[in-house]
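The values are calculated or read from the model by the stated rules, or taken from the named source; none is laboratory data. Predicted model only: the values in this text are computed from it and were never measured. We place every Cβ from the backbone using ideal geometry, glycine too, and count neighbours over all the protein chains shown. SASA here: full protein model, heavy atoms, side chains in, ligands and nucleic acids out. Shrake-Rupley method; radii C 1.70, N 1.55, O 1.52, S 1.80 Å.
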Amino acid sequence: MKEINFKMFGRFYLNYDNRQYDVSEMLGRQLSSLVAYFVYYRNRIVSKDMLISAFWPESENPNSAIKYAIFRLRNELAKTFDFDWIITSKMGYMLNPELDVVVDLDKFEDNYSKLLADKNFSDLKFLDEMTGEFLEEFDDEWILSIREYFSESKNKAIVTICDEEFRKGSPNYAEIIQVCKAALEINQYSESLIYFYCRSLIETRDYNKALTYFEKTKRKFQDELGIPLSDNIRELFTGAESEVGKTVRIDEISKDFEEDSLANGPLFCSQLTFKKLYQIYVRKARRDNSNYHILLFEIKSLKANKQDYLHEALENILVESLRRTDIYTSFTTNNFGILVEVKQSEDIFVVIERIQKKFYAKVNSKVARLLYHERSLNKVEDANHFPTIDQKQ
């Protein structure tokens with residue numbers, strides 16, 4: 001009997017006889033979920049009660065539903081394979097134990113145990129082969145708790161290694177940044193991952209990226225969860241007091257300035273810093289009669305569940321479009337503020353048009369609209385108050 005390989009991290013695939021099959025496309029959604037259930041519980045008999053609880057909890061005639069589903073599943077599999085997949089017993093059903101089945105979950109469990117014991121960074125490499133969430137195309141209730149278990153296990157593996165790296169006193173910052181960034185794309189609310197990611201960015205003096213990520217994540221926690229980030233994360237960005245009084249050599253200061261000067265794109269700053277710079281630029285505009293402008297861009301989402309995508313899209317456009325002398329911040333998930341100096345007042349509309357064109361090249365106007373508010377700082381009477389600005393499209 002040839003080996004049958006199942007991939008359950010990410011999209012559900014099986015490999016047999018040098019050919020890969022997308023199980024969902026081959027069987028349809030319900031039957032592929034049923035196959036996944038038998039594969040996951042492959043070493044035991046699956047009782048009718050288990051199947052009813054997982055697939056037909058509200059059915060008036062669940063026994064008939066089970067028989068019909070198993071009948072359909074066997075027929076569909078027989079169109080492609082010349083062997084029996086599901087066997088029947090007095091206690092229920094079972095994946096045929098004579099099949100030579102290999103599942104990526106087994107490799108995960110083996111490597112996970114080794115990693116927790118040895119705590120070597122090289123042991124994390126096994127996660128590269130197991131990208132994506134458990135059966136990511138499904139949303140069945142029986143899958144969700146298992147998905148959460150593997151997600152938490154992956155996070156625990158990464159956090160364990162990161163903690164060990166810092167404990168030893170010579171962390172591999174580049175590896176930590178890479179691993180945590182990839183993990184946060186899947187589990188964006190893991191505060192342990194956020195902590196090690198931000199700390200490593202700060203330790204490598206990538207302050208702009210660290211602050212940008214911190215501000216974005218802080219808003220996400222507040223807007224979507226209604227809670228602040230944990231104290232240990234916030235303390236990473238409020239530890240400047242501990243630097244006061246330290247003796248620093250002039251060559252170290254020089255080195256910091258040289259490294260910072262290599263940064264490309266506009267300066268990102270916190271909301272508080274942006275407001276202080278706004279006040280300074282209002283006074284400078286009055287004194288020098290210079291053409292400083294404040295721009296506020298607002299995303300009006302017309303589709304649900306698109307806020308994160310739209311926020312990231314606009315931020316990437318701002319980084320591409322603005323100069324190194326420009327300054328920007330993000331006030332909420334859908335608002336950005338920009339301070340810009342132009343030669344002539346009308347040039348500000350060239351900047352606005354450039355940003356809008358790039359936005360609509362990436363985002364269909366049926367998905368979202370990009371509104372803007374513009375004001376010359378020369379016209380601001382009170383530097384301590386943000387101006388009232390007309391909204392435009």
Checking S151, S365, S321 against a Gaussian network model of the chain (alpha-carbon springs below 10 Å), the top fluctuating residue turns out to be S365
What one gets for the stretch 1-41 as the Kirkwood radius, inverse of mean 1/r over different Cα pairs in Å, is 10.5
In Å, the C-alpha Rg and Dmax of the chain are 27.7, 90
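With r as the distance between the Cβ atoms of N18 and E203 and R0 = 51 Å, compute the FRET efficiency 1/(1 + (r/R0)^6) and round to 0.05. The partial results should precede the final answer.
Working: r = 47 Å, r/R0 = 0.92.
For R0 = 51 Å, the calculated efficiency reads 0.60.
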For E312 the rounded accessible area (nearest 10 Å², probe 1.4 Å, non-protein molecules ignored) is 100
Going residue by residue through the stretch 89-94, the Karplus relation 6.51 cos²θ - 1.76 cosθ + 1.60 with θ = phi - 60° gives ³J(HN,Hα) values, rounded to whole Hz and with x marking Gly or Pro, of 9, 5, 8, x, 9, 7
Per-residue accessible area, 1.4 Å probe, largest first, puts T212, T329, T238 in the order T238, T212, T329
Cα-only Rg/Rh for the stretch 160-209 with Kirkwood Rh rounds to 0.94
D82 and L302 label points (each 7 Å along its Cα→Cβ direction) are spaced in nm at 5.6
To the nearest Å², the heavy-atom accessible area per residue of the stretch 270-391 with 1.4 Å probe amounts to 54
Taking the stretch 110-250, the equivalent ellipsoid from its C-alpha gyration tensor has semi-axes in Å, biggest first, of 30, 21, 11
Dividing the mean separation of Cα pairs under 8 Å (6+ apart) by the residue count of the chain yields a relative contact order in percent of 12
Measuring from its Cα centre, the chain shows a charge dipole (+1 at each Lys and Arg Cβ, -1 at each Asp and Glu Cβ) which, in debye to the nearest 20, is 1140
Averaged per residue, the 1.4 Å probe accessible area of the stretch 110-198, protein heavy atoms only, in Å², is roughly 50
Ordered by number, the trypsin sites (Lys or Arg not before Pro) in the stretch 300-365 that occupy a DSSP loop and have at most 15 other Cβ atoms within 10 Å are K303, K306, R323, R324, K343
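Pop out the carbon and sulfur fraction of the accessible area of the chain as a percent, whole number, probe 1.4 Å.
In the chain, the share of accessible area belonging to carbon and sulfur is 47 percent.
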The ratio Rg/Rh over the Cα atoms of the stretch 1-109, Rh being the Kirkwood inverse mean 1/r radius, stands at 0.95
Two pseudo-spin positions, 7 Å from Cα along C-beta at K362 and at S290, lie apart in nanometres by 2.8
Partner lysines whose C-alpha sits under 24 Å from that of K168, ignoring same-chain residues fewer than 8 away, are K114, K119, K125, K154, K156, K181
Neighbours of E98 by Cβ distance under 15 Å: Lys/Arg at +1, Asp/Glu at -1, summed charge -2
Among the stretch 317-331, those whose backbone N falls under 19 Å of a label point 7 Å along Cα→Cβ from K343 are 322-326
With all protein chains in place and a 1.4 Å probe, Y149 shows an accessible area in Å² (nearest 10) of 100
Among GluC sites (Glu not before Pro) in the stretch 18-73, those in a DSSP loop whose Cβ has at most 16 other Cβ atoms within 10 Å are E58, E60
Here the gain from full extension of K379 to T160, 0.36 nm per residue of separation minus their alpha-carbon distance, amounts to 73.3 nm
What one gets for the stretch 65-189 as the Kirkwood radius, inverse of mean 1/r over different Cα pairs in Å, is 17.6
Excluding residues fewer than 8 positions from K67 in its own chain, the lysines with Cα under 29 Å of it are K2, K7, K48, K79, K90
